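The values are calculated or read from the model by the stated rules, or taken from the named source; none is laboratory data. What you are looking at is a predicted structure, and each value in this text was computed from that prediction instead of being measured. Virtual Cβ from ideal backbone geometry, glycine too; neighbours counted across all protein chains shown. Please note that ligands, DNA and RNA were not included when accessible areas were found on the heavy atoms of the full protein model with its side chains. Shrake-Rupley method; radii C 1.70, N 1.55, O 1.52, S 1.80 Å.
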Amino acid sequence: MLCFIFCIPSHATYYFTTELEAAYKEIVQLKFTEATKRITAEQQRDPHNGLPVYLRSLAETTQLLFSEDEQQYQILKSSESAYLKLLNANNLTTSPYHNFCLAEVKLQWAFVKMKFNDEVNGALNTKQALGLLNENLKTHPAFVPTKKSLGLLNVIIGSVPNSHAWIASSLGFKGNIEAGMNMLQEVIDSKNIYLQEALLFKIIAEQYILNRDSKMESIKLLYAKNPNNILYGYLYAAILCKHSKSEEALTVIERLPENAYESLAVIDYLHGDVLLQHGNYVESRIYFNRFLSEFKGKNLTKDATYKLFLSYWLMNADADANTYWQKITSVGQTTYESDKYAHKIAQANELPNKQLAKIRLYTDGGLYEKGLEVFNETNLSDLLTKKDKIEYYYRAARLFQKSGKTKECMEYYVKVITLSTDTKNNYYFAPNSALQLGYIYVQLKNTPQAKYYFNLAIAYKNHEYENSIEQKAKIALHEIK
């Protein structure tokens, strides 16, 4: 890839061709091989065009973000400086694409560095990208693509949790979520080539940061228009799962193109998760095992191993279950919240109560009648530990909230918070109960109570899911203001 370094352009330029537009769209579809062939051909045809350099970087970094292949990262990470050298050799500062492409390459590799736990250099890249984008916005205010990346940064940095506040501080930029969302919408409305990328960012922000669009209209429309796009199909299925619509998610997963699993290994993880929620324990193992054998990264591996444990544990195959239970602490890493949870309970050897685990899975999957059946069969007096008693009320609260029984769920959430005041171990049950009560009081238009519970959710420390709960509570408080 570095052989193009010698091609110092004498007539620098930036322009999209039909082939480069096709390559860009293929990258968004995770068709990296096809995209790279087109980019290579365009670089050979016109080595003075800077856009193929930016697109090659986009293809490499996008693939690394999804594969999490450490070995490949070590091979490719020197490419960043080569791409920046090529772009700087263009020195076509009059084009709005010049600073845009420089910023994009820096930002692409910033995300990759953070994915591979190089947060300091990732933050430095982000700061440099931010400077280039702001400069571009001043000198070329009508150039809409700048707002795609600036909008994304505003949303990400504006919602950063306390544990990563140092990043925002080092950037000297607090971010503004609403300003970022407006920028993304402006790109979408402009209907230029970056429309789908901006829409993708907006959907992810709405669903996973801002708790908006509960009807999932945006992702439904995007998926409907691009049914063969593996990334959009995966995202739609994941969002359906987030909203406890696992039956619909399973339909979407089963309709994905045949090469979907090869392009995106986490589809195996999601497929296994949906089957586990449905009680298809044996079948779920196929996908969890395939995910663990084929995925190159370290994230979600603790959680996948924990769920393999559950697939045996809930069938009373305790000896087989124990094999996976013992592996949880030795695999993967604790960056993702779900991995932190799996690691914590395995390290403390806190085997989950089988009835409560079933209630959780049925509730998460939207199978509320089955969850209620198990709940009615579960006697509080049979639960021996305080943790299990607190979880009993928490699982009841989640089940009743998702099935529309607001009064009952509020009573159970309050019980969770009350019982958790004197516990030695910090579990996420009370913090998330406070967060959910905050959301409910927002719906009831009781602002003082909503603020009280959001602040209470933030006050809990050193528990699993801390970053996620704190982030959501802070954003909810900001939206109230």
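One line per residue, one yes/no per condition, for (1) over 23 Å from K302 (Cα atoms); (2) crowded, with 22+ Cβ neighbours inside 10 Å; (3) not aliphatic (A, V, I, L, M):
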residue	(1), (2), (3)
G332	no, yes, yes
I345	no, no, no
N349	no, no, yes
N353	no, no, yes
R360	no, no, yes
E377	yes, no, yes
L380	yes, no, no
A397	yes, yes, no
Checked the stretch 122-141 for anything over 21 Å from the mean Cα position of the chain (by Cα), within 17 Å of F173 (Cα to Cα) and of a type in the set (S, T, N, Q); matches are Q128, N134, N136
With respect to S293, is the statement that it is among the polar types (S, T, N, Q) and open to solvent by less than 20 Å² (accessible area, probe 1.4 Å) true? no
Residue that is open to solvent by less than 30 Å² (accessible area, probe 1.4 Å) and either among the acidic types (D, E) or in contact with a Gly (Cβ under 8 Å, 6 or more places away or on another chain) (or both), where the choices are E466, E470: E470
Which ranges mark the helices (runs of 4 or more DSSP H) fully within the stretch 142-241 that have 1 or more residues being at pLDDT 90 or above, under 19 Å from the mean Cα position of the chain (by Cα) and of a type in the set (G, A, S)? 145-158, 177-190, 195-208, 217-225
Going by what's in this entry, would S95 be described as among the small types (G, A, S), closer than 19 Å to A23 by Cβ and surrounded by fewer than 21 Cβ atoms within 10 Å (Cβ to Cβ)? no
For the stretch 265-287, which residues satisfy the criterion of being more than 19 Å from the chain's Cα centre (by Cα) and either surrounded by 23 or more Cβ atoms within 10 Å (Cβ to Cβ) or of a type in the set (S, T, N, Q) (or both)? L275, L276, Q277, N280, S284, Y287
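Here is a yes/no grid of residues against (1) closer than 20 Å to A342 by Cβ; (2) at pLDDT 95 or above; (3) open to solvent by 40 Å² or more (accessible area, probe 1.4 Å):
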{"site": "G365", "(1), (2), (3)": "yes, yes, no"}
{"site": "G371", "(1), (2), (3)": "no, yes, no"}
{"site": "D422", "(1), (2), (3)": "no, no, yes"}
{"site": "S433", "(1), (2), (3)": "no, yes, no"}
{"site": "G438", "(1), (2), (3)": "no, yes, no"}
Pair list, Cβ < 8 Å and 6+ apart or interchain, from the stretch 451-475 residues that are in contact (Cβ under 8 Å) with a residue 24 or more places away in the chain and part of a loop (DSSP other than H, G, I, E, B) to residues that are crowded, with 19+ Cβ neighbours inside 10 Å and of a type in the set (F, W, Y): H463/Y427; H463/Y428; E464/Y341; E464/Y427; E464/Y428; Y465/Y341; Y465/Y428
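Return a yes/no flag: does the stretch 52-62 have any residue that is more than 25 Å from the chain's Cα centre (by Cα) and not acidic (D, E).
Yes: one or more hits.
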Examine the stretch 85-100 for a residue that is in contact with a helix residue (DSSP H, G or I) (Cβ under 6 Å, 6 or more places away or on another chain) and farther than 23 Å from H140 by Cβ, and state whether such a residue exists. no
In the stretch 296-324, what count of residues is obtained for those that are open to solvent by less than 10 Å² (accessible area, probe 1.4 Å) and aromatic (F, W, Y)? 1
Mind checking whether some residue in the stretch 400-415 is over 25 Å from S214 (Cα atoms) and either in contact with a Pro (Cβ under 6 Å, 6 or more places away or on another chain) or open to solvent by 70 Å² or more (accessible area, probe 1.4 Å) (or both)? yes
Name the residues in the stretch 430-481 that are within 20 Å of the chain's Cα centre (by Cα) and of a type in the set (D, E), would you? E464, E466, E470
